[in-house]
Amino acid sequence: MAKALRQQQQQIVAANREDVERARAGALEASFIDRLELNPKRIEMMATAIEEVIALPDPIGRVDKSWRRPNGLKVGKQRIPLGVIGIIYEARPNVTSDAAALCLKSGNGVMLKGGSDAIASNRAVFRALRAGLEASPLPKNAIDALAFVDTTDREAVKEMLSFDAYIDVIIPRGGKGLIRFVSEHSRIPVIKHDEGVCHVVVDGSAPARMVDEIVLNSKTQRVSVCNAAEAIVFLRSAVDPHLDRVLRKLGDAGVKLHLCPQSLEHAQNAGIDASWYAPASPEDFGREFLAMEVAIRVVADLDAAVAHIDEYGSRHTESIVTNDFEQAQQFVDLVDSSCVMVNASTRFADGNQLGLGAEIGISTTRMHAYGPMGIEELTTTKFVVFGSGQTRT
């Protein structure tokens, strides 16, 4: 599969160009087009991600734990596939290859339903993956476990969500509209991969250089993705040592600032360029900008920062920048998100970056998986019991 992606790179890029040109003609947002676009570098990353999946240990059949009962029974929990996984996703053609590789490696069947805006790209990627599988020594029934819904008909999603006799779990990846539609119409269990309203919390004890680098990387390294920071929360202790400087650095980087009353007053008093900022509206906190924009809020202390995250976050990723170990530990214990970072960019909330190989997505739903879903999260366990003739009385 990885080899075929490289061999068919030109065809994939040509097909992707059709989708990108159509998206531009339709005046779709720049963040959407960035997620849609493929180039040789991104295709190489897709192939490399498959190779990283190859290198991972096979979880199927592994016994995670075992114990012996007083009556002599040996009890174990053994890893098995989830079954058939339906992936419904928007814009990102790399999901086609990531999901196919992860599901194949973990023994699952997969039904891929990409968005209409990426139909040509997804077709081209799927053709390459299928060609790679057919050139492999895998049996035909394993190859046929990889399926692609090759239509742009909107009714296809609703039809797919009714296949509870054939599909074991649905994983939607996309915006609020897609997540809401799938949740409301699915007769199949859903693991949500919702939007990323991610926060960086800044504490006064943190070194200035660390604050600057983490805030800027979290916000600006790639703005169109779900693990980019959408709000920076300053504890009161961080206002004097950090606030004015960070506002300037964000403004210099071209980030539009949506400022709370206290940070707005600081910006005005510090003479920061007024074209860089505007007063924040209530909707700006909890908004996934997916652009060079960020909300800024000053709060009293860590408890207030956690309350802010509870109210406006999406259970995706939160980070704190601090030199206070006790404060860091409180943050880890109190924040209810699938990824919690201490002194690290939110951009590390990614299966590949966390050592999982590729990922199927980032679960913001507490089912059996929470956070980036790699091979392990595409499996469950069954109980296996060995006896020597025991009967129950």
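The values are calculated or read from the model by the stated rules, or taken from the named source; none is laboratory data. All values derive from a computational prediction rather than experimental measurement. Cβ coordinates were reconstructed from backbone atoms using ideal geometry, including for glycine residues, and neighbour counts include every protein chain displayed. SASA here: full protein model, heavy atoms, side chains in, ligands and nucleic acids out. Shrake-Rupley method; radii C 1.70, N 1.55, O 1.52, S 1.80 Å.
Listed values, structure above:
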read-out	value
In Å², nearest 10: area of MET45 left accessible to a 1.4 Å probe	120
Isotropically averaged projected area of the chain, using the convex hull of Cα atoms (one quarter of hull area), nm²	23.6
Ranked order, MET46, MET367, MET210 - accessible area, probe 1.4 Å, largest first	MET367, MET210, MET46
Accessible-area value, GLU155, 1.4 Å probe, nucleic acids and ligands omitted, Å²	110
Accessible area in square angstrom per residue, the chain, 1.4 angstrom probe	46
Angle in degrees between helix 9-25 and the longest Cα principal axis of the chain, rounded to the nearest 10	50
Two-decimal ratio, segment 222-317, of alpha-carbon radius of gyration to 2.2 N^0.38 Å	1.02
Members of LYS77/LYS158; LYS41/LYS249; LYS3/LYS113 lying beyond 27 Å, as alpha-carbon distances in this model show	LYS77/LYS158; LYS41/LYS249
For LEU82, distant residues with modelled amide H under 5 Å away	THR380
Fraction of antiparallel bridges per DSSP, the chain only, in percent to nearest 5	25
Given charges at Cβ of Lys, Arg, Asp, Glu: segment 1-119 dipole, positive-most of VAL110, ALA2, SER66	SER66
Additional length obtainable on full extension of the chain from THR152 to ALA135, 0.36 nm per residue less Cα span	3.3 nm
Computed over segment 130-259, Kirkwood Rh from alpha-carbon pairs, angstrom	18.8
Kirkwood estimate for segment 252-291, i.e. one over the average of 1/r between Cα atoms, Å	10.8
Percentage of interatomic Cα-Cα distances in segment 29-114 larger than 19 Å	56
Rule-of-thumb Rg ratio for segment 245-383 [Cα; 2.2 N^0.38 Å; N residues]	1.23
Equivalent ellipsoid, segment 1-157 (semi-axes from 5 times Cα gyration tensor eigenvalues, Å)	35, 17, 14
Within the chain: Cβ-based charge dipole about Cα centre, in debye rounded to nearest 20 (Lys, Arg +1; Asp, Glu -1)	1700
Inter-site label distance for GLN78 and PHE163 at 7 Å from Cα along Cβ, in nm	2.8
Cα centre as origin, Lys/Arg/Asp/Glu Cβ charges: segment 70-116 dipole, Debye	260
Residues with amide H under 5 Å from that of PHE148, placed H, sequence gap 5 or more	LEU112
Whole-number percent relative contact order across segment 300-393, with pairs defined as alpha carbons under 8 Å at least 6 apart	21
In Å², nearest 10: area of SER205 left accessible to a 1.4 Å probe	50
Rounded Å value of the spacing that divides the Cα centres of segment 46-80 and segment 251-327	43
Longest to shortest principal axis, alpha-carbon extents of segment 1-43, angstrom	34, 16, 13
Accessible carbon and sulfur surface of the chain relative to its total accessible area, %, 1.4 Å	49
Calculated FRET efficiency for the pair HIS368/THR391, C-beta based, R₀ 41 Å, to 0.05	0.80
Mean Cα-pair separation over length for the chain, i.e. relative contact order, pairs under 8 Å, 6 or more apart, %	19
Reciprocal of mean inverse Cα separation for segment 81-157 (Kirkwood radius, Å)	12.6
Euclidean distance of C-alpha centroids, segment 342-382 and segment 112-181, integer Å	21
